[in-house]
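Taken together, the values in this text are just the output of simple stated rules run on the coordinates, not laboratory data. This one's a predicted model, so the numbers in the text were calculated from it and none came from an experiment.
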Amino acid sequence: MYAVRAKVTELEGKVAELTGKVEYDQAAKEHAEAELKAQVSSKDKDLAAKDVEIAELKRRLQEQVDKSESLEIDLETEKAKAASGQAES
């Protein structure tokens, strides 16, 4: 009877030890998940900010392209005027 009680006590100790390990591992896992979620959230915010920055740069680039095209048209018009003025002389 004593041997059985000792074995039960030993098994209860092992169960308590394993339960503690499981709880510790679960807490560590939850902490790691929370940390990773925070990192992902931070990266998502960074990417969103970069998307806004890229959109602004694209808009500015398009403005410059439009301005350049307009200047090219103006230049061609002036060249045509100059050429027709010389032809009339």
>> What is the angle, in °, between the Cα long axis of helix 2-88 and the longest principal axis of the Cα atoms in the chain? Nearest 10 is fine, range 0 to 90.
In response: 0
> What does the convex hull of the Cα atoms come to per residue for the chain, in Å³?
Replying inline: 63
> List the lysines whose alpha-carbon lies under 26 Å from that of Lys14, not counting same-chain residues fewer than 8 positions away?
Replying inline: Lys29
